[in-house]
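In what follows, a structure is listed as structure tokens, so that the remarks can point back to it.
The values are calculated or read from the model by the stated rules, or taken from the named source; none is laboratory data. Bear in mind that the values here come from a model prediction, so they are computed numbers and not experimental data. Every residue, glycine among them, receives a Cβ derived from its backbone with ideal geometry; neighbour counts consider all protein chains shown.
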Amino acid sequence: MRFDGKRVIVTGGASGFGKAISQGFAERGARVMVTDIDIEGAEAVAAEFDGALTFRLDVTDEDAHAQLARLMVDTWGGIDIVAANAGFAHRMGSTLDIPTEEFDLMWAVNTRSVYFAAKHFTPHMPPGSSIVSTASIGGKRPRPGLTPYNTSKAATIMLTRGLAEEFAPDIRVNCVAPVASETRFFERATGLDKMPDEMREAVVEGIPMGRMSDPTDVANAVMYLSSDEARFLTGVCLDVDGGRSIS
């Protein structure tokens, strides 16, 4: 796959899946706007590639999306691909113990941000453009201790499908549903710096392919759905889960 000259926005691009997505597009010729609330992390990723730019994006802020859209138009003349990847997870535990503020923040980051992206970016996206959001396999097959998170990701999947119908045939809208990966995202959800062996074994036991996901697995899926090779795919939620959803 090549993305020569394509104008790409990646949200949550400073680490984890977003970092791999940013790197994947840039390595294949795209002009990438690496966005994150962690601007130093975004700048470190962008520094690896000629022509990559950065923007400090708090995805809960609607005005920031409007500013980013204007920047893309002023800098590159528009937007071809949006990887709406930014995500947030509460600490694993009982739903009843999750602070209301955390619940609201998670919905704002995981679901409302995709709406903001669609609202502010699509007016500047030509026919043939693509939006791919990052959902979770938990949005289809929930895991105990993450019920509100799983619910927000299920909503992201339905939002993806609804937007796909609204924007067809000009703009395709899809999402990916990864299984667990050892990223900073995992650290936030568990409060652990490193996954204990027994926890990893328990997670992997439920994945037929015998391992957790890697950020490059997710990046490859996002790039495929964004590519011309997937030009007939819209409203798809592609499971990047090593078979967990069927086990």
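List of remarks:
- Inspection of segment 127-139 identifies at least one residue that is in a strand (DSSP E or B) and either in contact with an Asp or Glu (Cβ under 9 Å, 6 or more places away or on another chain) or more than 21 Å from ALA177 (Cα to Cα) (or both).
- Residue within segment 137-150 that is within 20 Å of ILE37 (Cα to Cα), among the charged types (D, E, K, R) and out of contact with any strand residue (DSSP E or B) (no Cβ under 8 Å at 6 or more places or on another chain) present: no
- Top-ranked residue of segment 204-226 - restricted to ones that are of a type outside the set (D, E, K, R) and over 23 Å from LYS19 (Cα atoms), ranked as surrounded by the most Cβ atoms within 10 Å (Cβ to Cβ): ILE207
- Residues satisfying the criterion are absent from segment 24-34 (criterion: of a type in the set (Gly, Ala, Ser), farther than 19 Å from ALA117 by Cβ, surrounded by fewer than 23 Cβ atoms within 10 Å (Cβ to Cβ) and modelled with pLDDT under 95).
- Scanning segment 50-102 for residues that are closer than 21 Å to CYS175 by Cβ and among the polar types (S, T, N, Q), we see that the one that is surrounded by the fewest Cβ atoms within 10 Å (Cβ to Cβ) is THR60.
- Single residue of PHE116, PHE3 found to be over 24 Å from VAL179 (Cβ atoms), free of Cβ contacts under 8 Å to residues at least 60 places away in the same chain and crowded, with 21+ Cβ neighbours inside 10 Å: PHE116
For every residue, the table says whether it meets (1) out of contact with any His (no Cβ under 7 Å at 6 or more places or on another chain); (2) farther than 20 Å from VAL222 by Cα.
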{"position": "ARG31", "(1), (2)": "yes, no"}
{"position": "ASP36", "(1), (2)": "yes, no"}
{"position": "GLY41", "(1), (2)": "yes, yes"}
{"position": "ASP61", "(1), (2)": "yes, yes"}
{"position": "GLN67", "(1), (2)": "yes, yes"}
{"position": "LEU105", "(1), (2)": "yes, yes"}
{"position": "HIS120", "(1), (2)": "no, yes"}
{"position": "PRO123", "(1), (2)": "yes, yes"}
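- Verdict on ASP58 being in a loop (DSSP other than H, G, I, E, B), free of Cβ contacts under 8 Å to residues at least 40 places away in the same chain and within 19 Å of the chain's Cα centre (by Cα): yes
- Any pair with Cβ under 9 angstrom, 6 or more apart, that starts in segment 27-48 at a residue that is on the phi > 0 side of the Ramachandran plot and ends at one that is surrounded by fewer than 16 Cβ atoms within 10 Å (Cβ to Cβ) and acidic (Asp, Glu): GLY29/ASP4
- Checked against (1) surrounded by 21 or more Cβ atoms within 10 Å (Cβ to Cβ); (2) part of a helix (DSSP H, G or I), GLU229 meets all criteria but (1).
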